[in-house]
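Below is one structure, written out as structure tokens; the observations come after it.
The values are calculated or read from the model by the stated rules, or taken from the named source; none is laboratory data. Keep in mind that what you see is a predicted model, and the values were worked out from it rather than measured. Cβ coordinates were reconstructed from backbone atoms using ideal geometry, including for glycine residues, and neighbour counts include every protein chain displayed. Protein only, heavy atoms only, side chains kept; ligands, DNA and RNA dropped before computing areas. Shrake-Rupley method; radii C 1.70, N 1.55, O 1.52, S 1.80 Å.
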Amino acid sequence: MATGSGAFPDMPSIAGIRAGIASAGIKKAGHRDLVVFELGERSQVAAVFTRNVFCAAPVKVARDHLAAGAPRYLLINTGNANAGTGEHGLVAANACCEALAREAGVSAQQVLPYSTGVIGEPLPVERIDAALGAALADLAPDHWQQAATGIMTTDTRPKGATRTLQINGQSITINGIVKGSGMICPNMATMLVFIATDAAIEQAALAAMLRKGADLSFNRITVDSDTSTNDACTMVATGEGAVVAGDDLEAFAAVLDDLMLELAQAVIRDGEGATKFVAIEVADAQSEEEALKIAYSVAHSPLVKTALSASDANWGRVLMAIGKAGVDLDVALTTLTINGVLIAQYGERAPGYSEEAGSRAMSEEDIVIRITLGRGDQAATVWTSDLSHEYVTINAEYRT
């Protein structure tokens, strides 16, 4: 695991939301693999979901139920993705919603389901149904760390972040948890993310802030270039605290963006087999889209990522990845630095560069690869990890 992981933060309770955790034995007997969030009646909910066309059954059901309005419960299981399961998967996801609705005394449309785990296996609805009573009995406002642990799959640790801010003299709290360490290249959301605030925010404003925040955080990270079938990022504003509207939305959004970026970077630091945390900065581009194309081309290159794992200053691989991005660059204007060491300029190795300096830069656990294009004033940053032997081991043995 890359450094900088840190301990789970002390996350305060948020009025209007409680979490309960139970063991359904979906993949492993005795494993706490079922999480329920109960939302207060005033809650507004927004979410963004994967664009993978093989999206999982719970994604389809959650979209439909969210559109119907008034969600009261979030139901999350690990160990089984309920993806690649066709019509049977939809029946199973709806059955889980109906089971929780019966237990909680709400309608099935007020339950949003989420699943993560192995793709292509039937969801064991009866095990989830049997564990719902225990999850509801466990509901408490201070179970954020337990919930963060309950949604883990190949993660090595629970990941969360919290922020407070003042709006018109009133204190507002934002909490967030995330799971994910592999199959990470979000396309509009990420693995599974759950964010809550006690603020009162209209649903349209909440949705707009969430989409913008996801674009600046979860849509800028990649472990292995693979977009999950089950990605979802959900935010709840319980309405139990200060009203956030008008000009105050900008201040709130800035704090929310910061929290979401911390969560996204925590995923990279906990990337499967990761030993490096890598920021790829592209500057002086003609457009942000152009900068992102080049950054992702470098971040997705197996040759670059294995060089990072070996701390090998094989900078020619970075130039290769820049050149294959499909951007019509003038290589004579392009420069490359790694952790401040000037490596390439004018289309060749920089004068004064030494292999020793490059090796020292690549040996760090936090690495910044900076590429300047000399063709504009736009920039973008993508965060990624290296590709290690341990990544191969984890994914080769995932189902065993």
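Here the condition is being open to solvent by less than 60 Å² (accessible area, probe 1.4 Å), in a helix (DSSP H, G or I) and of a type outside the set (S, T, N, Q); of Ile343, Ile322, it holds for Ile322 alone.
Screening the stretch 67-78 for residues that are assigned to a strand (DSSP E or B) and either polar (S, T, N, Q) or open to solvent by 20 Å² or more (accessible area, probe 1.4 Å) (or both) and picking the one that is nearest to Leu139 (Cα to Cα) gives Asn77. Taken over the stretch 274-294, the criterion of being farther than 9 Å from Ser385 by Cα and touching a helix residue (DSSP H, G or I) at 6+ places or on another chain (Cβ under 7 Å) is satisfied by Ile280, Val282, Ala285, Ile294. Among the residues of the stretch 213-227, is any within 22 Å of Glu41 (Cα to Cα), polar (S, T, N, Q) and open to solvent by less than 10 Å² (accessible area, probe 1.4 Å)? So far as the stretch 213-227 goes, no, none of its residues is within 22 Å of Glu41 (Cα to Cα), polar (S, T, N, Q) and open to solvent by less than 10 Å² (accessible area, probe 1.4 Å).
Condition check ((1) touching a residue at least 40 places away in the same chain (Cβ under 8 Å); (2) acidic (Asp, Glu); (3) within 30 Å of Leu249 (Cα to Cα)) across all residues:
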| position | (1), (2), (3) |
| --- | --- |
| Ile76 | yes, no, yes |
| Gly79 | yes, no, no |
| Gly84 | yes, no, no |
| Ala93 | no, no, no |
| Ala99 | no, no, no |
| Val111 | yes, no, yes |
| Gly120 | no, no, no |
| Ala135 | yes, no, no |
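Taking the conditions exactly as written (in contact with a Phe, Trp or Tyr (Cβ under 8 Å, 6 or more places away or on another chain), closer than 29 Å to Asp215 by Cα and modelled with pLDDT of 90 or more), does Ile338 satisfy them or not? Answer is yes for this residue. I'd like to check something: does the stretch 271-292 contain any residue that is out of contact with any Asp or Glu (no Cβ under 8 Å at 6 or more places or on another chain) and without any contact (Cβ under 8 Å) to a residue 60 or more places away in the chain? So far as the stretch 271-292 goes, yes, one or more of its residues are out of contact with any Asp or Glu (no Cβ under 8 Å at 6 or more places or on another chain) and without any contact (Cβ under 8 Å) to a residue 60 or more places away in the chain. Scanning the stretch 201-236 for residues that are touching a strand residue (DSSP E or B) at 6+ places or on another chain (Cβ under 6 Å), at pLDDT below 95, farther than 12 Å from Met260 by Cα and of a type in the set (Val, Ile, Thr) yields Thr222, Val223. Could you list, in sequence order, the residues of the stretch 301-317 that are within 16 Å of Thr384 (Cβ to Cβ), touching a residue at least 24 places away in the same chain (Cβ under 8 Å) and surrounded by fewer than 24 Cβ atoms within 10 Å (Cβ to Cβ)? Matches in the stretch 301-317: Pro302, Thr306, Ala307, Ser309, Ser311. Evaluation of Ile26 against the conditions (1) farther than 19 Å from Leu210 by Cβ; (2) surrounded by fewer than 21 Cβ atoms within 10 Å (Cβ to Cβ); (3) touching a strand residue (DSSP E or B) at 6+ places or on another chain (Cβ under 8 Å) shows that the sole unmet condition is (2). Checked against (1) β-branched (Val, Ile, Thr); (2) buried (at least 21 other Cβ atoms within 10 Å of the Cβ); (3) closer than 17 Å to Ser115 by Cβ, Val45 passes all but condition (3). Screening His88 against (1) part of a strand (DSSP E or B); (2) over 28 Å from Ser181 (Cβ atoms) leaves a single unmet condition, (1). Among the residues of the stretch 96-107, the one identified as open to solvent by less than 30 Å² (accessible area, probe 1.4 Å) and out of contact with any strand residue (DSSP E or B) (no Cβ under 7 Å at 6 or more places or on another chain) is Ala99.
Scanning the stretch 264-300 for residues being in a helix (DSSP H, G or I), surrounded by fewer than 24 Cβ atoms within 10 Å (Cβ to Cβ) and not charged (D, E, K, R) gives a total of 4.
On the stretch given as the stretch 239-263, residues that are in contact with a helix residue (DSSP H, G or I) (Cβ under 9 Å, 6 or more places away or on another chain), open to solvent by 10 Å² or more (accessible area, probe 1.4 Å) and either modelled with pLDDT under 95 or not in a helix (DSSP H, G or I) (or both) total 1.
If you go through the stretch 20-66 and keep only what is of a type in the set (S, T, N, Q) and part of a strand (DSSP E or B), you end up with Ser23, Gln44.
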